[in-house]
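Single-structure report; data block below.
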Amino acid sequence: MAHRSKPRVVIIGGGFGGITTAKALGKNADITVVDLHNYQTFLPLLYQVSTAGLAADHVAYPIRGALRSFNGNFRMGSPISIDHKNKTVKLDSSEVLPFDHLVIALGSVTADFGTPGVSENALGMKSVREALLIRAEVMRRFEDLCRFEDDTKLSIVVVGGGPTGIEMAGALAELVRGPLKNDQKHAARHIEVSLIEAGPRLLPSFSPTLSEKAKKSLEKLGVKVLLNTAVKAVKRTEISLANGEVIPAEVTIWAAGVKGSPAIEKLSLPLDGNRLSVDSTLGVTNYPYIWGVGDICGAKDKNSRFLPMVAPVAMQQGRFVAEQILRQAKNLALKDFKYRDKGSMATIGRNKAVVEVGNIRFSGFPAWVAWLFLHLFYIMGGRNRIGTIADWCWNYVTFDRGNRHIMDSI
């Protein structure tokens with residue numbers, strides 16, 4: 001058999017991890033990316049789509065566009081089985097792709113932690129479709145409320161006090177206080193936004209001082225923050241709490257956590273919980289030609305805790321796995337992956353954010369500006385950047401949000 005000059009790499013998943021791996025390999029490999037969608041979603045800004053701050057197409061970028069510069073291939077579909085003997089992966093389209101290396105970057109889905117009613121009655125925060133559903137649901141309930149002139153209330157509850165939850169709650173509160181108030185003052189006054197967190201503070205991965213600042217900022221926006229409050233069940237118009245209380249919730253948004261994509265279960269690979277079992281090189285246990293990247297990858301820190309399911313981890317792992325594949329092609333020894341935590345940030349509405357980088361912590365307007373620039377830097381595609389800047393400038397100057405459309409039905 002003739003010696004192949006470039007390794008054939010199939011990458012399952014076109015999110016942050018998969019696309020970063022593909023770009024880092026570039027022209028040094030024959031690359032095929034497989035994903036259910038033909039676009040990459042910029043997940044950190046999804047909450048802005050769901051609160052009418054951004055147009056949906058500004059957070060989506062065509063995968064083929066990302067691969068064009070190095071002639072990467074793309075297949076729309078999902079993997080259903082791996083043939084280890086022949087080193088091929090079969091897709092649900094019945095196509096069989098041969099590989100020398102297989103990168104699993106399937107990402108994550110909303111985790112309900114076994115809480116009854118979440119999948120039926122709560123809205124998740126993991127896809128453009130879900131973001132548009134939240135937007136449509138909030139706007140439709142607002143239109144319903146406009147028909148009443150009494151004290152009928154609309155309760156919107158966000159469950160989960162991590163960055164996604166507080167960003168969502170803050171953006172909803174601003175939507176109510178600004179654009180919806182201008183649209184119909186009486187209805188907007190009767191919308192209540194609450195944030196539920198099971199633990200003792202918001203943003204548990206941040207310092208307690210920033211957690212407290214985030215809580216104060218949200219309360220200033222009119223968000224009711226409930227700490228030490230565990231959810232027992234989510235019903236259609238209410239939430240049952242573990243302490244026996246029941247609170248109204250016409251719209252429940254679930255931002256309480258994520259888990260590895262269940263698509264991994266079809267592939268009969270070793271799992272660690274709901275993530276891929278990998279060793280320190282990010283190679284899948286017992287399969288030196290299969291690699292884990294991003295949220296699906298069960299890599300751990302020095303304290304044997306799973307690394308967080310965030311974009312910086314996925315991108316660092318993507319670049320690292322690309323390097324490992326090229327090292328293996330040159331018969332060089334593999335390295336051990338070490339995650340470099342460059343800090344965390346979260347925004348709480350207009351002019352307010354919290355940033356933590358090592359021992360440096362700041363909040364307020366400077367943190368908000370840092371947040372804006374970092375997110376613009378990572379958005380893929382000039383058109384998306386320009387569209388995002390245009391939407392942000394319009395929202396900031398006019399206190400309006402131009403994307404308040406209900407578009408989930410004909």
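GluC sites (Glu not before Pro), restricted to the stretch 192-277: which are DSSP loop and have at most 12 other Cβ atoms within 10 Å?
245
Is the stretch 39-138 rounded, prolate or oblate when judged by the Cα gyration tensor, a ≥ b ≥ c being the square roots of its eigenvalues, rounded requiring a/c under 1.5 and prolate requiring a/b larger than b/c?
Verdict is oblate for the stretch 39-138.
Given a Förster distance of 41 angstrom, what is the FRET efficiency for residue 92 paired with residue 69, based on the Cβ-Cβ distance and rounded to 0.05?
In this case the efficiency is close to 0.90.
Is there a quick way to get the dipole size of the stretch 118-179? I mean about its Cα centre, with the Cβ of Lys and Arg at +1 and of Asp and Glu at -1; what is the value in debye to the nearest 20?
So the magnitude is around 220 debye.
Short version: ³J(HN,Hα) in whole Hz for each residue of the stretch 111-121, in order, from phi by Karplus 6.51 cos²θ - 1.76 cosθ + 1.60 (θ = phi - 60°), x for Gly and Pro, what are they?
Once θ is set to phi - 60°, the couplings for the stretch 111-121 become 9, 9, 6, x, 6, x, x, 5, 5, 7, 10 Hz.
What's the exposure ranking of 398, 110, 285, 20, going from fewest to most Cβ atoms within 10 Å?
Lowest to highest Cβ neighbour count: 398, 285, 110, 20.
I'm a student and want to see the number: the projected area of the Cα convex hull of the chain, averaged over all directions, in nm². Don't skip to the end; give the middle numbers.
Values: hull surface 84.8 nm².
With every direction weighted equally, the projected area is 21.2 nm².
Which FRET efficiency value, to the nearest 0.05, do you get for residue 319 and residue 383 by plugging their Cβ-Cβ distance into 1/(1 + (r/R0)^6) with R0 = 35 Å?
On the way: r = 25 Å, r/R0 = 0.72.
That gives a FRET efficiency of 0.90.
Which of the residue pairs 87/259; 126/300; 126/220; 153/224 have a Cα-Cα distance greater than 21 Å in the structure shown?
Numbers: 87/259 28 Å; 126/300 23 Å; 126/220 28 Å; 153/224 14 Å.
Flagged as over cut-off: 87/259; 126/300; 126/220.
For a test of the definition: using alpha carbon positions, the gyration tensor, and the 1.5 limit on a/c, classify the stretch 366-410 as rounded, prolate or oblate. Please list the in-between numbers first.
Values: a/c = 2.38, a/b = 1.47, b/c = 1.62.
Note, shape of the stretch 366-410 comes out oblate.
So for the stretch 153-262, averaging the separation of alpha carbon pairs under 8 Å that are six or more residues apart and normalising by length, what relative contact order in percent results?
About 34 percent, as a whole number.
By a straight-distance test (C-alpha under 17 Å), which lysines pair with residue 27 as possible cross-link partners, with residues fewer than eight away in the same chain excluded?
6, 330
Mind listing the long-range amide H neighbours of residue 111? Cut-off is under 5 Å, sequence gap 5 or more, other chains count too, H placed in the peptide plane at 1.01 Å from N.
Those lying under 5 Å, H to H, from residue 111 are 257, 258, 259.
How big is the dipole moment of the stretch 232-289 about its Cα centre under a simple scheme where the beta carbon of each Lys and Arg is +1, that of each Asp and Glu is -1, and everything else is neutral? Debye, nearest 20, please. Don't skip to the end; give the middle numbers.
Numbers: 6 positive and 6 negative charges, 26 e Å.
The dipole magnitude comes to about 120 debye.
Over the stretch 328-400, what relative contact order in percent results from Cα pairs under 8 Å that are six or more residues apart?
The value is 17 percent.
Provide the FRET efficiency to the nearest 0.05 for the residue 394-residue 152 pair, computing r from the beta carbons and using R0 = 41 Å.
0.85
Take every DSSP beta bridge with both residues inside the stretch 1-157 and express the antiparallel ones as a percent of the total, to the nearest 5.
Around 45 percent antiparallel, to the nearest 5.
May I have the pair-distance distribution P(r) for the stretch 137-190, computed from all Cα-Cα distances with 10 Å bins from 0 and rounded to whole percent?
With a bin width of 10 Å, the distribution comes to 25, 51, 22, 3.
Using DSSP to call loops (not H, G, I, E or B), can you name the trypsin sites (Lys or Arg not before Pro) in the stretch 123-204 whose Cβ has at most 10 other Cβ atoms within 10 angstrom?
147
Roughly what % antiparallel, to the nearest 5, for the DSSP beta bridges in the chain? Write out the running numbers ahead of the final one.
Working: 33 of 65 bridges.
Around 50 percent antiparallel, to the nearest 5.
Which one of 113, 227, 186 has its Cα pushed farthest toward the positive end of the charge dipole of the stretch 112-240, where Lys and Arg give +1 and Asp and Glu give -1 at the Cβ?
227
Multiply the residue gap between residue 5 and residue 359 by 0.36 nm, knock off their C-alpha separation, and tell me the result in nm, one decimal place.
Working: separation 354, 0.36 × 354 = 127.44 nm, distance 4.66 nm.
Stretched fully, the residue 5-residue 359 segment lengthens by 122.8 nm.
Quick one: order 393, 146 by neighbouring beta-carbon count within 10 Å, fewest to most.
With the sparsest Cβ surroundings first, the list reads 393, 146.
What angle, in degrees between 0 and 90 and rounded to the nearest 10, separates the Cα long axis of helix 382-398 from the longest principal axis of the Cα atoms of the chain?
Its long axis makes an angle of about 10 degrees.
With springs only between Cα atoms under 10 Å, which of 243, 359, 303 fluctuates most in a Gaussian network model of the chain?
Of 243, 359, 303, the most mobile in the Gaussian network model is 303.
Rounding to the nearest 10 and keeping the result within 0 to 90°, find how far the Cα-based axis of helix 208-220 lies from the longest principal axis of the chain.
So the inclination is approximately 50 degrees.
Between residue 207 and residue 140, with labels modelled 7 Å along Cα→Cβ, what's the label distance in nm to one decimal, could you check?
Inter-label distance under the simple model: 4.5 nm.
About the Cα centre of the chain, how large is the charge dipole given +1 on each Lys and Arg Cβ and -1 on each Asp and Glu Cβ? Please answer in debye to the nearest 20. Mind dumping the intermediate values first?
On the way: 51 positive and 38 negative charges, 267 e Å.
Value, rounded to 20: 1280 debye.
With each label point set 7 Å from Cα along the Cα-Cβ vector, what nm distance links residue 327 and residue 236?
It works out to 5.7 nm between the two label points.
So if I take the alpha carbon set of the stretch 255-410, get Rg, then get Rh from the Kirkwood formula, what is the Rg over Rh ratio?
With Rh from the inverse mean 1/r over Cα pairs, Rg/Rh is 1.06.
How would 120, 95 line up from fewest to most surrounding beta-carbon atoms within 10 angstrom? All intermediate terms of the calculation are to be shown ahead of the outcome.
Details: 120 9, 95 13.
Lowest count first: 120, 95.
As a test of the formula, what do you get for the chain when each DSSP H run with n ≥ 4 contributes -39,500 (n - 2.57) and the sum is divided by the residue count, at 222 nm and rounded to the nearest 500 deg cm²/dmol?
Details: 11 runs with 123 residues, N = 410.
About -9000 deg cm²/dmol.
Add +1 for every Lys or Arg and -1 for every Asp or Glu among the other residues with Cβ under 11 Å from the Cβ of residue 261, and state the total.
That sum, taken over residues with Cβ under 11 Å, equals +2.
Using only alpha carbon pairs under 8 Å that are at least six residues apart, calculate the relative contact order of the chain and give it in whole percent.
20
Is the shape of the stretch 153-237 best called rounded, prolate or oblate, per the rule: a/c under 1.5 gives rounded, else a/b larger than b/c gives prolate, else oblate, with a ≥ b ≥ c the square roots of the Cα gyration tensor eigenvalues?
Oblate, since a/c reaches 1.5 and b/c is not below a/b.
How much length is gained on full extension from residue 336 to residue 300, taking 0.36 nm per residue of separation minus their Cα-Cα distance?
Full-extension gain reported as 11.8 nm.
Please give the helix 128-145 orientation as an angle from the longest Cα principal axis of the chain, in degrees from 0 to 90, rounded to the nearest 10.
10
Values in this text are rule-based calculations from the coordinates and carry no lab data. Here the structure is a predicted model, which is why all the values come from computation and not from measurement. For neighbour counting, all protein chains shown are included, and Cβ atoms are generated from backbone atoms with ideal geometry for every residue, glycine included.
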